[in-house]
Structure formats: structure tokens, C-alpha cells
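Asks: Quick one: structure below, then a few questions.
The values are calculated or read from the model by the stated rules, or taken from the named source; none is laboratory data. The structure presented is a predicted model; accordingly, all values stated were derived computationally and were not measured. Backbone-built Cβ (ideal geometry, glycine too); neighbour counts: all protein chains shown.
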Amino acid sequence: MKIGIYGGSFNPVHNGHIHLANTAVEEFGLDRLYLLPSKKSPHRSSAEYAPDEDRLEMLRLAAKANDKLFVSDYEIKSDRVSYTIYTVEHFRSVFPDDELFLLVGSDMLLSFDTWYHFEEILANVTLCVVSRESGDIGQLKKKAEELGKFGKILVSEAAPTVISSTEVRKKIAKNKDFSCYLDENVVQYIRLKGLYSVRGEGKLLYNPDEKKKYLKNCLSAKRFTHSMNVAAECRKLAEKYGEDPDKAYFAGLLHDICKEMPDDVQKELVMSSGYTVCREELETRSLWHGIAGAFFIKKEFGVEDIDILNSIRFHTVGRAGMSRLEEIVYMGDLISAERDYKDVDKMRKLAYADLNAAMREAFAFSMKSVIKKGGVIPICTAEGYNFYTRLLKEEKNDSNLKRGLK
């Protein structure tokens, strides 16, 4: 038989998930496709992540229309980290003589070569890729060709159904209609159980009080104080520059969540994150916690806001073309209340006067510090400095041009 494996949080399972599953069954000729929800972390609140049994039941309801779709609780019941290679090994033991197919979305294929033991995975399964976004088939085929030397990869050209579980949860929390995104039985189940509902004005996912309790237990007093100071600074910068203050506070609060984890734990998170990581970052232990932190809060807290994740991932190294929130967290970390390096007051004044100029100075400060210690500058840091230097020159040229036209 042809046995398919499709894992995910399914939080909740939506029509896009089922479309992807049905497409795979039909296009790749699967006899069975097993849907495996991942285990809920104890750090996630009920507002952001439905209990394991509820996600299993919603999957059963959504899958019952296709008799080739099955729901497995293997990952939920597993006592170890749910690396895909372990799931593949489990299904190989259950189906020793059958052909295994691993179903992934387009975003997963593009980072697949960063997965834990990805070569071993490809040696045991045929990787089946179904697009989740419009217009990315060319990019998927190119990546599949790159990875083809490790195993067989099939890319579907079926049109995607683009739906975000995060957006569905936000609609539920804000009491907006979400029925068009989910199977009607799943809609009824969510309403019956009151899943994903929160009180207040649609505040979903980002409860800083819960996270403060977690940070107090996992960080030293000094690091916790720093995190609180950065959060406060990020809120002020967000108010100054028109960003969401609560979102900025949340990102600043969690920016160092992995800072004091053991090296082996940080390294494992980095290697499992799916982020593109340059050689300089991999070789510099002090840079791991940003990458690890972004992956950790996504995995353990269910944070899916890409802007928050990127602001934590890049808060140590920066990059070219940072979003405003990324800039705020990067700068908030540099000028937080307890910082006392030379000229920190000048950096603080500049941050509130001209954020672009402050970013250029911050990159210069960071690179000087690395050079002084005999370190190697990450490519993204150098690109960030060049980006803001060019940006300031362009702003100056535009200003001169306007004055000349008066």
C-alpha cells in the first residue's frame, strides 16, 4: 500500500488542510493518509491552543468525508520531542513492507534541508509537496530539484486553498463569522466547546502576564529585569513610531527567552528551526538565542505572527530591510534602562529622534564590538549596516532635491 503521513498543529483544522490532504490522496494515489496533530505544550493557554483531544476530534470530524483519511494520536501520545524522523520511523515499523509518503506544504519544503536528520527522512519516504500559496510552483520545483539527490520528491501543481489558522482563531476571538473556513461539523464543535474564545477586545495569543510567570522561572533575576526593561522600551518606541504597543511589549519581553538555556538545547532549537542561518551565526554561541527563541515561542507558545518571530530571530544580528517592529526590538534591546555603556544616552536620544539614523549607528556599534573581540561579522549584520547607510544617503539626497526645487 501507499501510506501517507501529514503532521501539523491543526489548530484548528481548516478547509485548506483538508484540501491539501484530498489533493495528495488523489494526485499521489495514496491508499491511506494519516493526519497527526502535534502535542500541545503546557505553556500554551486555551485561548491560543485547543487541547489535544479537541484537535483530534476536530480532525476526525473534518476527515470523515474521505474514507482514505485517518487520524493518528502518535505524536500527541509520544513522550519525546516530535521530530519528523521519529514519526517516519514509527510508521516504518507499523508498515514495514509498504511505501511511505510524507506530505508537506510549500513553506516546509523550502526549509526542509534544515530539518533534523532530513537526509534520513528522504531515504525512507517519498516527499509530497502541495502548495499553500499562489504562484510558488516554480520555486518549489527548483528546491525539489536541489534536494532530489537525497530522495524522491513530488510536487503537486494543484491550486492552493489559502487559509490561516491564526486568522481563523482571531475571527473566533473577535466573534466574527469563521464558518466559511472550516467544515461545518468542526464549526459546530468549536461553538459547542467554546474553543479559542477570549474575553476582551479581541486580544488573542499574546498574554504578557502568563509569559512573565514563565520567564521568572527560567531566567536569572538579572536577565528577567533586562527583559522587562526591553519590553517597556519597546512599548515606548512603538508609541513613538506608530506600531502596536502591546505587540511590541510582548516581543520585547520574550526576546531573550532562550538566552540562558544550555548550549546543546539552544543548538538543537537552531538546527530544528527551519530558519536560514549563516555560518557566522552557527559558529557564534552568543547569537543562537535569537534564532532559538523565535522557534521556541512558535513551538511552545503557538506564536505565529511572523513580525514578532522575526523581531526575536533578528534582535542580535539585524538585517537589511527590517520591519518597524524588528527595528524597535533591536533598538529596545540596545537602549533598555539598565544599559550603561559609553554614549548610551546619545543612542537613546537618537532612537527617539530618527530611528533610521539610530539603526545605522546601532549596526556600527555592534560591528565595532565584534571586531574588538576578534569575532566575525555575520553577513546579515553587514548587509543591515549597508542598507541603513544607503537609506540615510537617499533621505539626504531627497531632502536636498526638495530644497533645490523651492
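Asks: Answer with yes or no whether Leu110 is within 18 Å of Ser156 (Cβ to Cβ) and either over 25 Å from the mean Cα position of the chain (by Cα) or crowded, with 18+ Cβ neighbours inside 10 Å (or both).
Replies: For Leu110, the condition - within 18 Å of Ser156 (Cβ to Cβ) and either over 25 Å from the mean Cα position of the chain (by Cα) or crowded, with 18+ Cβ neighbours inside 10 Å (or both) - is met.
Asks: Right, here's the next one. Identify the residue in region 304-318 that is part of a loop (DSSP other than H, G, I, E, B) and surrounded by fewer than 20 Cβ atoms within 10 Å (Cβ to Cβ) and, among all such residues, is modelled with the highest pLDDT.
Replies: Only one residue tops the list, namely Asp305.
Asks: Which pairs turn up if I take residues in region 306-333 that are free of Cβ contacts under 8 Å to residues at least 24 places away in the same chain and within 12 Å of Leu355 (Cα to Cα) and look for partners that are among the aromatic types (Phe, Trp, Tyr) and buried (at least 23 other Cβ atoms within 10 Å of the Cβ) with beta carbon separation below 9 Å, at least 6 apart in sequence or on another chain?
Replies: Glu326/Phe314
Asks: Only one of Lys170, Lys203 is in a helix (DSSP H, G or I) and either modelled with pLDDT under 90 or on the phi > 0 side of the Ramachandran plot (or both). Can you tell me which? Spell out how you get there, then give the answer.
Replies: Values: Lys203 fails: in a helix (DSSP H, G or I).
None of the other options fit; the residue is Lys170.
Asks: So, Met271, is that one in contact with a helix residue (DSSP H, G or I) (Cβ under 9 Å, 6 or more places away or on another chain), modelled with pLDDT of 95 or more, outside the structural domain of Lys170 (by TED's automatic domain parsing) and more than 18 Å from Gly332 (Cα to Cα) or not?
Replies: Here the answer is no, as Met271 does not meet what is asked.
Asks: Select from region 21-38 the residues that are farther than 17 Å from Met1 by Cβ and touching a Phe, Trp or Tyr at 6+ places or on another chain (Cβ under 9 Å) and list them in ascending order.
Replies: Once the filter is applied, which keeps residues that are farther than 17 Å from Met1 by Cβ and touching a Phe, Trp or Tyr at 6+ places or on another chain (Cβ under 9 Å), region 21-38 yields Leu36, Pro37, Ser38.
Asks: Let me ask something else about it. If I ask for residues that are free of Cβ contacts under 8 Å to residues at least 60 places away in the same chain and among the aliphatic types (A, V, I, L, M), which ones from region 232-259 would you list?
Replies: Leu253, Leu254, Ile257
Asks: Still on this model: Filter region 173-200 down to the residues that are in a loop (DSSP other than H, G, I, E, B) and either exposed (fewer than 13 other Cβ atoms within 10 Å of the Cβ) or not aromatic (Phe, Trp, Tyr) (or both) and list them by number.
Replies: Hits for region 173-200 are Lys174, Asn175, Lys176, Asp177, Leu182, Asp183, Gly194, Leu195, Ser197, Val198, Arg199, Gly200.
Asks: Still on this model: Tell me which helices (runs of 4 or more DSSP H) are completely within region 1-95 and hold 3 or more residues being at pLDDT 95 or above, out of contact with any strand residue (DSSP E or B) (no Cβ under 8 Å at 6 or more places or on another chain) and surrounded by fewer than 17 Cβ atoms within 10 Å (Cβ to Cβ), or say none if there are none. Lay out the reasoning, then the answer.
Replies: Working: elements: 15-27, 52-63, 74-77, 84-94.
Of the helices (runs of 4 or more DSSP H) lying wholly inside region 1-95, those with at least 3 residues that are at pLDDT 95 or above, out of contact with any strand residue (DSSP E or B) (no Cβ under 8 Å at 6 or more places or on another chain) and surrounded by fewer than 17 Cβ atoms within 10 Å (Cβ to Cβ) span 84-94.
Asks: Within region 127-142, identify whether any single residue is touching a Phe, Trp or Tyr at 6+ places or on another chain (Cβ under 6 Å), surrounded by 18 or more Cβ atoms within 10 Å (Cβ to Cβ) and within 27 Å of Ser93 (Cβ to Cβ), and answer yes or no.
Replies: yes
Asks: Hey, among Glu300, Glu304, Glu280, which residue is within 18 Å of Cys218 (Cα to Cα) and of a type in the set (Asp, Glu)? Can you show your working first?
Replies: On the way: Glu304 fails: within 18 Å of Cys218 (Cα to Cα); Glu280 fails: within 18 Å of Cys218 (Cα to Cα).
The match here is Glu300.
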